[in-house]
Each structure stands twice: as C-alpha cells, then as structure tokens.
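There's a structure below that I have some questions on.
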C-alpha cells in the first residue's frame, strides 16, 4: 500500500494522530479487516509498536477489535470516525472546561496568583513587553487586554481585520461598554464590511480610516499591541505582534491618533 506523505501529513493535522497511527489506520482502511502482523508489513510500522498503535486507535474510536484467534482489527467507516472524533473532542473540552472552572476560588489558583503578584513587583513596567507569533496567539492576548480595560480602548485595523475582530472581541467589548469603557474603532469601511462596522457601533464609535494602513490597539493609554505584517500578504500562522506596557509610548501614539481621528468620517 502506497499512501503519499502529503496525504498522511494532512490526516495527522486533521485527526491529531502521530505518523505511526495514520500509517496503521490507512493500512487497515485499505484492508477492512486485518491482523496486527499484516498491518505491520503493509504500513511499514515496527511490529513491536503495532499493538500499541492499534490499542491507541481503538481508544480514540478509529477501529474496533474483533474477538477470536488470531486477533483481528476492523476499520470503521471514515464518516463514523469523524463523528466519534467530534464527540470525543467535545467531551474532552467540556471536561477540561469544568476542571478549569472549579479553579475559581480554589487554593491552587490563589497560590498561583500569589506567585504572580510577588514576581510582578520586581519587574519594571517597561520590561513588561513581548512578541506574539501566530494570529490566534495575538487575538488571545488582545482579548485579555480588552477584558482588563478600565477607561479607554482604541482599535485600528484593516478592512478584513475588522471582520475578524468582531467575532473575537465582541463579547468582551460588550462587557467593557457596560462598565463605561470608551471604545473607538477605526478601519477602512467598504461594502464588504459595512454591516460589521454597524455591529461595532453598538459598543463603540466607528470611523472610516481611508488614508492609513495600520493594525494596533491601545488600552487605557498605557498598553499597546501592534502587528508588524500586512494581514493580506501573510498567512495567519506567520502573523507577528509586539505587546508593550509603557505609558510614555502608548500616550504618545494615542495623541497622534487623536489628530487623525478628527479627520475621519463617522460611520452612519
């Protein structure tokens, strides 16, 4: 059985399997039913590892073991495997979420908070900075900053970036709005994102950014996160951002933005 490496690589990412697991699984799919020895020969996986791999695949819901001698393994329909994997992921996510929720008020979280509080005392505010790689990491950090905002939030983004930020940040921005946080959003507004811009108007003042191409967020005039790359030219996995906790730079950037803000057209 010959399966292209590119196909195996896709399966690994989609189903979160290791190389031996995808090799044995695809080998079994090609046979329907087979023994561990046969699968070892077909998949080119060491016989000493095959039983462990088959046991792992069985636990994950990819195959079933057929009783009898010799022991055989039966492949399930790929559609059934997809459904089982989805259910397992949802169950695992729910269990982990429940465990994390129970940490609220738990002594473990209290001890972690004490460690952080003690450690942060020895850090200069200007040292609280870092680089973030990958758009998901950027948005995770950005959402955390938004949730902690007390006074102001300034968001400057691209036309496409406006669409993404609605999905990622809207729940946190709604909570900020209720707390009285002043929110401003500036982005190029066109026919593709006008509806999104109007959604943002529920929580923020939104204006059309026509002449500037930028991606940054300022929180409370003391924290800044800005993206270094053009989101239209780079894959999300390669997106890079820089986070800085510095009142001097954040305030200066916000004052410069205020000049541009006055010239922007209000989205109606």
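Output the residues belonging to the stretch 81-102 that are closer than 13 Å to residue 15 by Cα and over 19 Å from the mean Cα position of the chain (by Cα).
Passing the criteria: 81, 82, 83, 84, 85, 87, 88.
When you check residue 48 against the structure, is it in the same structural domain as residue 77 (by TED's automatic domain parsing), part of a helix (DSSP H, G or I) and exposed (fewer than 14 other Cβ atoms within 10 Å of the Cβ), yes or no?
Spelling it out, residue 48 is indeed in the same structural domain as residue 77 (by TED's automatic domain parsing), part of a helix (DSSP H, G or I) and exposed (fewer than 14 other Cβ atoms within 10 Å of the Cβ).
Right, something else. So, in the stretch 53-77, how many residues would count as being loosely packed, with under 12 Cβ neighbours inside 10 Å and modelled with pLDDT of 90 or more?
Matching residues across the stretch 53-77 total 0.
Just name the residue that is surrounded by the fewest Cβ atoms within 10 Å (Cβ to Cβ) out of those in the stretch 215-234 that are touching a helix residue (DSSP H, G or I) at 6+ places or on another chain (Cβ under 9 Å) and part of a loop (DSSP other than H, G, I, E, B).
Top of the filtered list is 232.
Would you please list the contacts, defined by Cβ atoms under 7 Å and residues six or more apart or on different chains, that run from a residue in the stretch 199-215 that is assigned by TED's automatic domain parsing to the domain that holds residue 230 to a residue that is loosely packed, with under 15 Cβ neighbours inside 10 Å?
203/174; 207/265; 207/266; 208/265
Within the stretch 22-33, how many residues turn out to be surrounded by 15 or more Cβ atoms within 10 Å (Cβ to Cβ) and touching a strand residue (DSSP E or B) at 6+ places or on another chain (Cβ under 6 Å)?
The qualifying residues number 2.
The values are calculated or read from the model by the stated rules, or taken from the named source; none is laboratory data. On a predicted model such as this, the values are computed, not experimentally measured, just so you know. Positions of Cβ are backbone-derived with ideal geometry, glycine not excepted, and every protein chain shown enters the neighbour counts.
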